[in-house]
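The values are calculated or read from the model by the stated rules, or taken from the named source; none is laboratory data. Note that this is a predicted model, so its numbers are computed, not measured. Cβ coordinates were reconstructed from backbone atoms using ideal geometry, including for glycine residues, and neighbour counts include every protein chain displayed.
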């Protein structure tokens, strides 16, 4: 898909991943401000207390293919695993157990419909990460207001299942601007996610905001694994940094 204009990925028969072609270089820079610390003292107070006390700490993640680790070259590089490792390094007394029940290719509508068969099967959780939006914002998907209502309902269902859990809602990034299946209104879906978090007193991880700042320095193919709608390893790292900015 590299370099293509106004394209429809469904016209291609072969897989479209660019993962084998990336070259990675780690470096440190003091001239970058891609994310702002956003302490969620109220929304994540129970999480901070539990992690500090130590013992088993159950984390559940629920979303689409991105939350499932979509196209990270190794499981370690998926943002959910990166964030779990971050928490383990900050709270060594805690035994963090991470389980993902995401539904690749699905929207928040299916998230609600499949809740009982997915997130509810994990039992009592201490922290839940919920992230939809990439599929919702495609043509034929939920409008932002419906999307916001769906997220609010997912929070309600989660609290009904795990009343002592803290919840983090997180936004998605804009897919390739040349991809025909997208509405290219991801900013509206990010706003809807933030508003749903505010309405339900959840924490909000601003992935969309981080991504927009990165796109001031990098082009889209540099952060997309399939040059469509999946983050590459660097993109997953950006997700992780948006979560780390919550201050846990």
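Structure summary
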item	result
Which listed residue, of 153, 110, 146, is in a helix (DSSP H, G or I) and out of contact with any helix residue (DSSP H, G or I) (no Cβ under 9 Å at 6 or more places or on another chain)	110
Hits in the range 84-107 (condition: within 22 Å of residue 226 (Cβ to Cβ) and surrounded by 16 or more Cβ atoms within 10 Å (Cβ to Cβ))	100, 102, 103, 106, 107
Within the range 179-208, tally of residues that are surrounded by fewer than 23 Cβ atoms within 10 Å (Cβ to Cβ), assigned to a loop (DSSP other than H, G, I, E, B) and in contact with a strand residue (DSSP E or B) (Cβ under 6 Å, 6 or more places away or on another chain)	1
Which numbered condition residue 178 misses (of (1) at pLDDT below 95; (2) under 19 Å from residue 71 (Cα atoms))	(2)
Residue match in the range 119-140 (condition: out of contact with any strand residue (DSSP E or B) (no Cβ under 9 Å at 6 or more places or on another chain), closer than 26 Å to residue 235 by Cβ and in a helix (DSSP H, G or I))	no
Residues being part of a loop (DSSP other than H, G, I, E, B), at pLDDT 95 or above and in contact with a strand residue (DSSP E or B) (Cβ under 7 Å, 6 or more places away or on another chain) - total across the range 41-82	5
Residue 5, sole failed condition from (1) free of Cβ contacts under 8 Å to residues at least 40 places away in the same chain; (2) more than 20 Å from the chain's Cα centre (by Cα); (3) farther than 23 Å from residue 161 by Cα	(1)
Yes/no for residue 89 being without any contact (Cβ under 8 Å) to a residue 40 or more places away in the chain and out of contact with any strand residue (DSSP E or B) (no Cβ under 7 Å at 6 or more places or on another chain)	yes
Conditions (1) out of contact with any helix residue (DSSP H, G or I) (no Cβ under 8 Å at 6 or more places or on another chain); (2) closer than 28 Å to residue 224 by Cα; (3) surrounded by fewer than 19 Cβ atoms within 10 Å (Cβ to Cβ); (4) without any contact (Cβ under 8 Å) to a residue 60 or more places away in the chain; number of the one not met by residue 53	(2)
Counted residues, the range 5-19 - those being surrounded by 10 or more Cβ atoms within 10 Å (Cβ to Cβ) and over 18 Å from residue 138 (Cβ atoms)	3
Some residue of the range 213-235 being assigned to a helix (DSSP H, G or I), surrounded by fewer than 21 Cβ atoms within 10 Å (Cβ to Cβ) and under 12 Å from the mean Cα position of the chain (by Cα)	no
For residue 149: the one exception among (1) surrounded by fewer than 19 Cβ atoms within 10 Å (Cβ to Cβ); (2) closer than 30 Å to residue 56 by Cα	(2)
